[in-house]
Amino acid sequence: MATTYRVVIVDDERIARAGLRAMLSKYEQLRVVGEARDGDDAIATIKQLRPDIVFVDIRMPGPDGFDVLRAVRTWGHKPAFVFVTAYPTRALDAYDTDAVDYLLKPFNESRLSRTVHRAIRYLRGVHERSEAPRDDRLLLRTRDGIVFLDMDDVTTIEVERNYLRVRTPSGAYLVRQTLATFASELPSEFLRISRSTIVNLARVRAVRRLGGGRFAFELADGSSVISSRRYQRELRAIVRPT
C-alpha cells in the first residue's frame with residue numbers, strides 16, 4: 001500500500017491557503033489534514049495533528065515561520081518544513097535553516113512538484129540541503145529590492161528607455177541593465193528577436209510571417225511582439241512560422 005503523507009498549511013491569507021490546498025490535491029500521496037492562519041494557531045495545530053509535511057508562510061501575525069519551526073523542533077517532532085514567502089530576503093534566511101525547501105510566491109506547478117518530491121525524499125531519509133536561490137531562478141535587482149522569478153514565468157524582456165521591462169503573467173518588473181548583459185544569464189529557450197526584445201519561446205503560442213523579414217510572436221497571454229528584419233536569418237533557422 002502506498003504511503004500517504006499528512007500535510008498542514010499555514011498562511012494568514014485564506015485565499016493563499018485555498019490555492020495551495022487545490023494545488024496539493026493533485027498529489028495522491030498527500031492529504032491536507034489541517035490549516036492555520038497565524039503562528040500561534042500553527043504551533044497548536046501541528047502539535048495536535050503531527051503532520052508529515054508543513055507548508056508555512058514566513059511573515060504572519062504572532063510567531064513567524066522560523067519561530068514555528070523552532071517550537072516544533074523542541075518536541076523532537078521533525079516534519080518536512082517548507083517555507084512559503086512573498087519576500088525574497090526572508091527566503092535567503094530560510095536557506096540557512098534545516099527546512100527542506102522554500103517557495104517564493106507566486107510559484108508554478110513545476111516548482112511545487114520539485115518541492116513535494118524533495119519533502120517526500122526527506123521523509124524517506126534522504127536529507128538534502130534546500131535549493132540555492134539561483135537554481136533555475138532569475139535574480140532581478142529592481143528599484144524596490146531583489147526579486148526572484150522562475151525562468152519559465154518570464155514572458156518577454158523589453159528595453160524601456162534606460163531600463164528593461166521583464167514581463168510575467170502576474171506583472172512586470174523594471175531592471176536597470178543592458179539587454180546584452182541580461183541575455184547572457186538566460187537559457188537557450190529565450191530568443192532575441194530585435195535590438196530591444198527577447199521572447200521566451202515556452203510562452204509563444206504561434207509565430208506568423210509578416211513579410212519584409214519580420215515575424216509576429218503571439219504569446220500565451222494574448223499579446224504579441226514583432227521581430228526586426230535584422231534578426232530574420234537567425235529566426236528562420238529556429239522557428240517555423242504558421
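Here, each number is a calculation from the coordinates, and none is a lab measurement. Quick caveat: nothing in here was measured; it's all calculated off a predicted structure. Cβ: placed from backbone, ideal geometry, glycine included. Neighbour counts: every protein chain shown.
Values as computed for the structure displayed
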| item | result |
| --- | --- |
| Degrees between helix 109-123 axis and first principal axis of the chain (Cα, 0 to 90, nearest 10) | 30 |
| Size of electric dipole in the chain: Cβ of Lys, Arg +1 and of Asp, Glu -1, about Cα centre, debye, nearest 20 | 1160 |
| Helix axis angle, 39-49 relative to the chain longest principal axis, alpha carbon, degrees | 60 |
| Full-extension gain in nm, ALA206 to ALA172, via 0.36 nm per residue minus C-alpha separation | 10.0 nm |
| Degrees separating the helix 14-24 axis from the principal Cα axis of the chain, which is the longest one | 80 |
| Dipole axis of the chain (+1 Lys, Arg; -1 Asp, Glu on Cβ), positive-most option in VAL54, TYR173, VAL82 | TYR173 |
| For region 5-123: Kirkwood Rh in Å [reciprocal of mean 1/r, alpha carbons] | 13.8 |
| Potential lengthening between GLU160 and ARG141 on full extension [0.36 nm per residue; Cα-Cα distance subtracted] | 5.3 nm |
| ARG121 paired with MET151, simple spin-label distance in nm, labels 7 Å along Cα-to-beta-carbon | 1.8 |
| Fully extended contour minus Cα-Cα distance, from ARG233 to SER110, at 0.36 nm per residue | 40.9 nm |
| The chain pair-distance distribution - Cα-Cα, 5 Å bins, rounded % | 1, 6, 13, 15, 15, 13, 10, 9, 8, 6, 3, 2, 1, 0 |
